[in-house]
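Undergrad: The following block contains the structure, expressed as structure tokens.
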Amino acid sequence: MEKILNYIAGNLVEPSHSAYLDNYEPGRGKVYSWVPDSDEHDVEMAFSAAKKAFSAWKNMPLEQRCAILQRLADKIGENKAALALAEAKDNGKPVSLALQVDIPRAESNMRFFATAALHWSSESHIMENEAINYTHRKPIGVVGCISPWNLPLYLFTWKIAPALAAGNCVIAKPSELTPMTAFLLSKLAIEAGLPAGVLNILHGLGPKVGDAIVKHPGIKAISFTGGTATGAYIASTVAPMFKKVSLELGGKNANLIFADADFNEMLSHTLRSSFANQGQICLCGSRILVESSIYDQFKEAFVAKVAAMQLGDPLVESTKMGALVSEAHMNKVLGYIELAKSEGGRVLCGGHRVQMEGELANGYYVAPTVIEGLGPHCRTNMEEIFGPVVTLQKFDNEEEAIELANTGSYGLSATIWTSQLQRAHRVASELHTGIVWVNCWLLRDLRTPFGGVKSSGVGREGGWEAMRFFTEPQNVCIKL
Ligand code: NAD
């Protein structure tokens, strides 16, 4: 069985206590590799390596630093097929999705920030006849990046790329549920000639090695993506240590569907925004709000399409819908379906585990599920389920649609379907979310700020926001 290794000081190494955890293949429900159960000793080793590497990395000529990161982007591109297959096996997502979305995006994350750093400039302010101020944005030093399991390499690179490009050294931890592509990335980093200690990748449990990264006094900034409860714990831990922190957390996103929308275009996108990656994308729309006049038409067409969706082996290219990431997560999702029923919800399709055949028989498959008849304040409509479960609600006018969409503690994203441009602007500006899509979903321009409001997070990633996060501004004021 393959042993995943930590990447410390440029080497692939065993965890300090040689302890390992089982790593499951969700599509088959079986252990297929072992992942290091790292702890604070591994963090200490990674920190020493990162600290030692920092001065040379931050002072390396920018073109040279960026060329190394570009080589890493090239390596991701060259190994696209192998990385996609590894991610499908590790995560349960269809290999076609990993091939079309996750791995290309991981490559463009590296390339985007490698080149962004070349165009990075500092501000200067002139006080007439008195002084010149310039703002020197310096790398912070050693920073921590912690990412979740749903888009393993995509979100991992989304953090480490700006951190490295800005001249920091990184200690990164992928989710213990999906460690494989980060392990493969460490091999590619060695091949790309990344200097030893610049990037260190530690594997293991959140409350153990993750917590040790968060609490390490020498690690000056934490960029975290994951659940809201974990984010709250991290925020409370780092606040008295005065660390910089960026938190990208959960969501319970609304799709607002107006009667004037292009019906067919809306329908096909809504299927995707509901069930892509088995609904395990923080940006999936899990509350579908439909204008009353087209509610029945939408319900009939949507449910027919959802009921026809086929689940399959994540490793087979034709599969469109795979497995959930773990048995525990599958049971959580099934528990929410039972909760929805107890709250008075009517299951229109799905609502159960799918028993697959042959070698998939022990995999974690749940039928795509549509539920109606629930009010906006019930737990099913307020809590993040993070699986293939959506609810339908009706609205009569714009005000009601906005009120429904803004209900609840999350504020990550929303999608508006309408053919009226003015309505799109009007409604978007009333939505309390960090991201709004109009007549599209998951289109991402990497230059734009990304992130949520309310319980969906603080701080922003993407573009200059990410470069800024990973720097410390120092103002120098020179008397004229
Ligand atoms: P999680 O919070 O359980 O874990 C995320 C990461 O944090 C993992 O690497 C985990 O090991 C680590 N971790 C857990 N406890 C920790 C602790 N005490 N200290 C330090 N690290 C710790 O989340 P998850 O289940 O892996 O991911 C799903 C969640 O992520 C969902 O809520 C989803 O909405 C959210 N998410 C948000 C975004 C976004 O951009 N806003 C993107 C993807 C996923």
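Undergrad: If the requirement is being in contact (Cβ under 8 Å) with a residue 60 or more places away in the chain and closer than 28 Å to GLY167 by Cα, which of these qualifies: ALA50, ALA73, ALA82?
TA: Every option except ALA50 fails the conditions.
Here is a yes/no grid of residues against (1) polar (S, T, N, Q); (2) crowded, with 20+ Cβ neighbours inside 10 Å; (3) assigned by TED's automatic domain parsing to the domain that holds GLN310; (4) not in a strand (DSSP E or B):
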position	(1), (2), (3), (4)
ARG28	no, yes, no, yes
HIS41	no, no, no, yes
ALA56	no, no, no, yes
GLN70	yes, no, no, yes
LEU83	no, yes, no, yes
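Undergrad: Of all residues in the range 13-26, how many are open to solvent by 60 Å² or more (accessible area, probe 1.4 Å) and either in contact (Cβ under 8 Å) with a residue 24 or more places away in the chain or touching a strand residue (DSSP E or B) at 6+ places or on another chain (Cβ under 6 Å) (or both)?
TA: The number of residues fulfilling the criteria is 3.
Undergrad: Out of PRO195, PRO148, PRO174, report the one residue that is farther than 20 Å from GLY463 by Cα, within 16 Å of the ligand (Cβ to nearest atom) and open to solvent by 10 Å² or more (accessible area, probe 1.4 Å).
TA: PRO148
Undergrad: Is it fair to say ALA189 is touching a Lys or Arg at 6+ places or on another chain (Cβ under 6 Å), away from the ligand (no atom under 12 Å from the Cβ), open to solvent by less than 10 Å² (accessible area, probe 1.4 Å) and not in a loop (DSSP other than H, G, I, E, B)?
TA: It is false that ALA189 is touching a Lys or Arg at 6+ places or on another chain (Cβ under 6 Å), away from the ligand (no atom under 12 Å from the Cβ), open to solvent by less than 10 Å² (accessible area, probe 1.4 Å) and not in a loop (DSSP other than H, G, I, E, B).
Undergrad: Okay, moving on. Looking at the range 91-101, is at least one residue of a type outside the set (A, V, I, L, M, F, W, C), buried (at least 23 other Cβ atoms within 10 Å of the Cβ), at positive phi and under 18 Å from the mean Cα position of the chain (by Cα)?
TA: Within the range 91-101, one or more residues are of a type outside the set (A, V, I, L, M, F, W, C), buried (at least 23 other Cβ atoms within 10 Å of the Cβ), at positive phi and under 18 Å from the mean Cα position of the chain (by Cα).
Undergrad: Among the residues of the range 289-300, are any open to solvent by 20 Å² or more (accessible area, probe 1.4 Å) and closer than 30 Å to ASN23 by Cβ?
TA: No; the residues of the range 289-300 include none that is open to solvent by 20 Å² or more (accessible area, probe 1.4 Å) and closer than 30 Å to ASN23 by Cβ.
Undergrad: List every residue pair whose Cβ atoms sit under 7 Å apart, with the two residues 6 or more apart in sequence or on different chains, where the first one lies in the range 124-150 and is over 17 Å from PRO217 (Cα atoms) and the second, anywhere, is surrounded by fewer than 21 Cβ atoms within 10 Å (Cβ to Cβ) and among the acidic types (Asp, Glu).
TA: THR135/GLU123; LYS138/GLU472
Undergrad: Moving to a separate point now. Return yes or no: is ALA182 open to solvent by less than 20 Å² (accessible area, probe 1.4 Å), assigned by TED's automatic domain parsing to the domain that holds LEU12 and over 29 Å from ALA276 (Cα atoms)?
TA: no
Undergrad: Now for a separate question. Return the residue satisfying two criteria in turn: it lies in the range 85-124 and is in contact with a Pro (Cβ under 8 Å, 6 or more places away or on another chain) and not in a helix (DSSP H, G or I), and of such residues it is farthest from PHE275 (Cα to Cα).
TA: The extreme case among them is GLY92.
Undergrad: Also, quick follow-up: Is at least one residue of the range 246-268 within 11 Å of the ligand (Cβ to nearest atom), open to solvent by less than 10 Å² (accessible area, probe 1.4 Å) and out of contact with any strand residue (DSSP E or B) (no Cβ under 8 Å at 6 or more places or on another chain)?
TA: no
Undergrad: Looking at (1) closer than 24 Å to ALA232 by Cα; (2) within 15 Å of the ligand (Cβ to nearest atom), which is the one condition that is false for MET467?
TA: Going through (1) closer than 24 Å to ALA232 by Cα; (2) within 15 Å of the ligand (Cβ to nearest atom) one by one, MET467 breaks only (2).
Undergrad: Collect the residues in the range 450-477 that are open to solvent by 30 Å² or more (accessible area, probe 1.4 Å) and more than 17 Å from ARG137 (Cβ to Cβ), keeping them in residue-number order.
TA: Hits for the range 450-477 are VAL453, LYS454, SER455, VAL458.
Undergrad: For the range 410-419, check the following and say yes or no: at least one residue is among the aromatic types (Phe, Trp, Tyr), away from the ligand (no atom under 15 Å from the Cβ) and modelled with pLDDT under 95.
TA: No.
Undergrad: On to the next question. In this structure, is TRP120 on the phi < 0 side of the Ramachandran plot and modelled with pLDDT of 95 or more?
TA: When the stated conditions are applied, TRP120 does not pass them.
Undergrad: Of the numbered conditions (1) of a type in the set (Gly, Ala, Ser); (2) more than 30 Å from ILE435 (Cα to Cα); (3) more than 9 Å from the ligand (Cβ to nearest atom), ALA212 fails exactly one; give the number of that condition.
TA: (3)
Undergrad: Of everything in the range 198-220, what is in contact with a Gly (Cβ under 9 Å, 6 or more places away or on another chain) and surrounded by fewer than 22 Cβ atoms within 10 Å (Cβ to Cβ)? Give them in sequence order.
TA: Residues satisfying the conditions are GLY206, HIS216, GLY218, LYS220.
Undergrad: When the residues of the range 221-233 are filtered to those that are touching a residue at least 40 places away in the same chain (Cβ under 8 Å) and either open to solvent by 10 Å² or more (accessible area, probe 1.4 Å) or touching a helix residue (DSSP H, G or I) at 6+ places or on another chain (Cβ under 9 Å) (or both), which remaining residue is farthest from SER16 (Cα to Cα)?
TA: Restricting to residues being touching a residue at least 40 places away in the same chain (Cβ under 8 Å) and either open to solvent by 10 Å² or more (accessible area, probe 1.4 Å) or touching a helix residue (DSSP H, G or I) at 6+ places or on another chain (Cβ under 9 Å) (or both), the top hit is THR228.
Undergrad: Residue by residue through the range 405-430, note down the ones that are of a type outside the set (A, V, I, L, M, F, W, C) and surrounded by fewer than 22 Cβ atoms within 10 Å (Cβ to Cβ).
TA: Across the range 405-430, the qualifying residues are ASN406, THR407, GLY408, SER409, SER419, GLN420, GLN422, ARG423, HIS425, ARG426, SER429, GLU430.
Undergrad: Still on this structure, I have one more. Restricting the search to the range 270-286, which residues are away from the ligand (no atom under 14 Å from the Cβ) and either β-branched (Val, Ile, Thr) or in contact (Cβ under 8 Å) with a residue 60 or more places away in the chain (or both)?
TA: The answer is THR270, ARG272, SER273, SER274, PHE275.
The values are calculated or read from the model by the stated rules, or taken from the named source; none is laboratory data. A quick note: this is a predicted structure, and the numbers were derived from the prediction, not measured. Glycine gets a Cβ as well: all are built from the backbone with ideal geometry, and neighbour counts include every protein chain shown. Only protein heavy atoms, including side chains, enter the accessible area calculation; ligands, DNA and RNA are left aside. Shrake-Rupley method; radii C 1.70, N 1.55, O 1.52, S 1.80 Å.
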